[in-house]
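One structure below.
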Amino acid sequence: MRSCPIGVYPDEWHVVELARKQASLTHNASHGQVSSATIALACHYFLYGLGPKKDLVHYLNNHSYTAGLFDNDDDLWPLGQRVSSEAFPCVKSAISAVVRNDSMAECLKECIDYTGDVDSIAAMAMGIASCAELVNDLPKNLYNGLENGEYGLSYLRELDQKLLKHVKS
């Protein structure tokens, strides 16, 4: 879930290495590290315009570190199938929701419809979706009342702009 910002690094080697190190703090197993790198690489793919949304799984299948997570380029998580809290099913379902949808509201709804560990799935999918520039049609009531203290909404928006500034330049 915390791997999305790592995708801003311009080269894949750093993306993978930093995602692995980040994951080792709380998920120090190969599944956790591969999952973290997969999410970071998905964000990297979109941030650097490496291809269309429909080819994301192909990109991940052809990366030396994430190859094998998906059985083939069409191996998306089945719609509505419950997702366990295990790393690979969460990552596969999150990526599947992004690939299948054109808007953030549709993507979020698909994540919820899976049932299971939907908060983890949605956190990953929405992070990737924001990099993929899916239409942001989320209802305003999802933003209303968000905390805006020292590290609240304004801080996060400013941090987002600082991170993206490095990608766009």
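Derivation of every value follows stated rules applied to the coordinates shown; laboratory data play no part. Every value quoted in this text rests on a predicted model; they were computed, and no experiment measured them. For neighbour counting, all protein chains shown are included, and Cβ atoms are generated from backbone atoms with ideal geometry for every residue, glycine included.
Looking only at the stretch 1-53, residues that are closer than 18 Å to A125 by Cβ and among the basic types (K, R) come to 2 in all. The sole residue among S64, S3 that is without any contact (Cβ under 8 Å) to a residue 12 or more places away in the chain and not hydrophobic (A, V, I, L, M, F, W, C) is S64. For the stretch 77-136, the set of residues classified as hydroxyl-bearing (S, T, Y) and in a loop (DSSP other than H, G, I, E, B) consists of S84, S85, T115, listed by residue number.
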